[in-house]
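Remarks on the structure that follows.
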Amino acid sequence: MPRGGKREGAGRPVGTGKYGEKTKAVRLPISIADEILISLQQSPEKLEIVVNSIFKPDAQTKYRIPLYLSPIAAGFPAVTEDYVEGKIDLNRHLVKHPESTFLVRVTGESMRNAGIHPNDLLVVDRAIEPISGKVVIAVVDGELTVKRLRKHRDRLWLMPENPDYPPIEIGENMELHIWGVVTNVIHAL
């Protein structure tokens, strides 16, 4: 059985999608991705969009933050030491593959129980394989979302981490492209 390429009768019929015309998946330069996201968000019929902005990490930044030797107790207070173990560069801890890593800012509540909240920054790595169980940035029929990828019995799902949102089953007539795997969440308290 041949694989890849265009198959007769596959995909959504032309003109039946939300744009009313033929669509295709494309790679976007980071410099114009924000503008495209803004234009996509203007459509009210969208699949819940949770990606708000896309950023490329600045690997040239070399700002080291002090790292204290003593861990901080989350329960009872512990005796503190005024000893700094050294300084760390967060790029080294958050960005494993600089050329394939980007940041996205999210909106929406569908991943709340995974610790992803509105206005959080997600560190996304395109070099990591998007396997079942990973949180991914996905493009479903041209619309960006962040969900947990699940594969079960040859069926593919994008799972929310909030019971108020339904899972998205990826059907044969749907276009799916995984942009990358979420490796870290940065949010303010």
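The values are calculated or read from the model by the stated rules, or taken from the named source; none is laboratory data. Everything quoted here is computed from the prediction, not taken from an experiment. Cβ sites come from the backbone with ideal geometry, for glycine too, and all protein chains shown count toward neighbours.
Points worth noting:
- Any hit, region 122-138, residues being in a loop (DSSP other than H, G, I, E, B), surrounded by fewer than 16 Cβ atoms within 10 Å (Cβ to Cβ) and in contact with a Gly (Cβ under 6 Å, 6 or more places away or on another chain): yes
- Answer residue from region 98-121, given it is farther than 22 Å from PRO163 by Cα and of a type in the set (A, V, I, L, M, F, W, C) and is surrounded by the most Cβ atoms within 10 Å (Cβ to Cβ) among those: VAL104
- Filter pass, ILE168 being surrounded by 15 or more Cβ atoms within 10 Å (Cβ to Cβ) and modelled with pLDDT of 90 or more: yes
- Here GLU85 does not qualify as in a loop (DSSP other than H, G, I, E, B) and either at pLDDT below 95 or out of contact with any Ser or Thr (no Cβ under 9 Å at 6 or more places or on another chain) (or both).
- Residues that are of a type in the set (D, E, K, R) and outside any loop (DSSP other than H, G, I, E, B), drawn from region 159-189: GLU169
- Screening region 140-158 for residues that are surrounded by fewer than 18 Cβ atoms within 10 Å (Cβ to Cβ) and in contact with a strand residue (DSSP E or B) (Cβ under 7 Å, 6 or more places away or on another chain) and picking the one that is farthest from LYS96 (Cα to Cα) gives ARG155.
- Test: residue in region 143-158 that is under 30 Å from GLN60 (Cβ atoms), polar (S, T, N, Q) and assigned to a strand (DSSP E or B): no
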